[in-house]
1. Relative to a virtual label point 7 Å from the Cα of residue 266 in the Cα→beta-carbon direction, which members of segment 293-318 show backbone nitrogen distances below 17 Å?
2. Find how much the distance from residue 146 to residue 50 grows on full extension, using 0.36 nm per residue of separation minus their present alpha carbon separation; answer in nm with one decimal.
3. What's the extension gain from residue 312 to residue 90 if we count 0.36 nm per residue and subtract their Cα-Cα distance?
4. Among 284-293, 261-270, how do they line up by average Cβ neighbours within 10 Å per residue, starting with the highest?
């Protein structure tokens, strides 16, 4: 059954992104009103806005949390061509706001010449690294050499794409058998150039990222992309939000480890759904990669789950106002995105017989 909860976010314009921290007890939202809000979940389950501040001089497209091992750190990106790293600081005893926390700007990354469309921290095992992508078709990877000094970031890699970049996703696998990998999506309007999803892999020999695969069957604008948590699999699963929802399986083919050539993959389409009947804006996995949530311009959040035969089906639908669609079951806590409800955040939970909730 569904349990839905709605929060009046009080943003003054469209909310573009909602991001949970590692533990799922903190949440950040960003908006075209140029602000970020941080929300904390109390013991009673209620969400309270604990911080709100103006961040950029343009619409804020994305906000993301670093792993808590590196502190309470956020990164945001904007139409103003910058990405910014923020850190939460607890007031000292001589502070006017004794014991209270506030967010301060640690650094502004200004390498992009156009709108910075997405920002993501790398998986924890890679250290404190931050990746951005821009409308100029460049993916940039930064590293903080000293995690105690977040004002210093060095540009480690620039990956040039022929297409305007709209979204990125790190492969979260920590297996030594898998090299660091980034998926890049494009919303480029150039219809003559196919393959709006590109996979880049880091090579230890060349110490550079090289294109390993292009998903040529994805020819429409890509709005979001997400690698599924790996959990020891030998292959990778990638979800894509375009005019529909697509799930791909990437099976690495044998490779000589001494070779400088990137890994080649056998690409399989696991599922493709057009149930939204509109543009799909966000896709998000739960921690076990057994549930995928998607949201679209139809004002609905949909949940997808595979059965024992690996056939994916829709297991739940939630309307934008928080009410379940008649006859549907299922759900999981997700981030919600809809242009029709720009001042409201909707949460959905999947209550199983065991009474456990699974967070996406």
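Rule-based calculations on the coordinates, nothing more; no lab input. Nothing here was measured: the structure is a model prediction, and the numbers come from that model. Every residue, glycine among them, receives a Cβ derived from its backbone with ideal geometry; neighbour counts consider all protein chains shown.
1. Within reach of a label on residue 266, which here means backbone N under 17 Å from a point 7 Å along Cα→Cβ, segment 293-318 contributes 310.
2. Numbers: separation 96, 0.36 × 96 = 34.56 nm, distance 2.80 nm.
The residue 146-residue 50 span can extend by a further 31.8 nm.
3. Fully extending the segment from residue 312 to residue 90 adds 75.4 nm.
4. 284-293, 261-270
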